[in-house]
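The values are calculated or read from the model by the stated rules, or taken from the named source; none is laboratory data. This is a predicted model, so every value here is computed, not measured. So basically every Cβ, Gly included, is an ideal-geometry build from the backbone, and we count neighbours across all protein chains shown.
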């Protein structure tokens, strides 16, 4: 693998891991929030969406404070011999945090679109709550979840500010495509910049195309099955 491919491969790794983490957390938290009746629900909702409106550098600074050696989480991790700042794990965490709101919003909207009567019908027929969720709720919410996963991957792939603050710009370790573009531009390597920009454009276009295709070509029938 050539050096020009290294940021591409690293970006795919970071975005892939971040998407897996966010898909699980976003789906679970969205379902819990959708069913929750807590008086602080709106405050929690605002907190979960905060990374979407904060400047990425601010998000990165907050993460650096949390996971730094003197931070509340960083001190506990340091006691166990784990360091997050300026590591690959830091890049994954930064990408996960900034992309979480997209998955959370998509999952919440997906669960909200499920007809509650269908869930009640499943429960009335003797199905447990867990079985009803897996066989009724989740299939009906799948289009929204898939859109959220694709958007999460795209956002994680393009993350710059928070990654730079928490993980740094270390070639071969934390230098993703956006950081490689920034570095190459500063150095005047326009050929490398053009290469990375082309890769990002093609991948981003493909992801947007997938979201549009799913939203236009598929509808959900009762029972959670798809049809074109």
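Side notes on the structure shown:
- Enumeration of residues in segment 29-68 that are within 12 Å of residue 166 (Cα to Cα) and either in contact with a strand residue (DSSP E or B) (Cβ under 7 Å, 6 or more places away or on another chain) or part of a loop (DSSP other than H, G, I, E, B) (or both): 68
- Filter result for residue 24 (part of a helix (DSSP H, G or I) and loosely packed, with under 14 Cβ neighbours inside 10 Å): yes
- Filtered residues of segment 117-169 (kept if in contact with a helix residue (DSSP H, G or I) (Cβ under 6 Å, 6 or more places away or on another chain) and surrounded by fewer than 17 Cβ atoms within 10 Å (Cβ to Cβ)): 118, 123
- Residue that is touching a helix residue (DSSP H, G or I) at 6+ places or on another chain (Cβ under 7 Å), closer than 20 Å to residue 18 by Cβ and either surrounded by fewer than 21 Cβ atoms within 10 Å (Cβ to Cβ) or without any contact (Cβ under 8 Å) to a residue 40 or more places away in the chain (or both), where the choices are 67, 86, 61: 61
- Test: residue in segment 99-116 that is at pLDDT below 85, assigned to a helix (DSSP H, G or I) and surrounded by fewer than 16 Cβ atoms within 10 Å (Cβ to Cβ): yes
- Wholly within segment 124-186, helices (runs of 4 or more DSSP H) carrying at least 2 residues that are at pLDDT 85 or above and out of contact with any strand residue (DSSP E or B) (no Cβ under 8 Å at 6 or more places or on another chain): 138-157, 161-166
- Restricting segment 189-214 to residues that are in contact with a helix residue (DSSP H, G or I) (Cβ under 7 Å, 6 or more places away or on another chain) and touching a residue at least 60 places away in the same chain (Cβ under 8 Å), the residue that is nearest to residue 152 (Cα to Cα): 211
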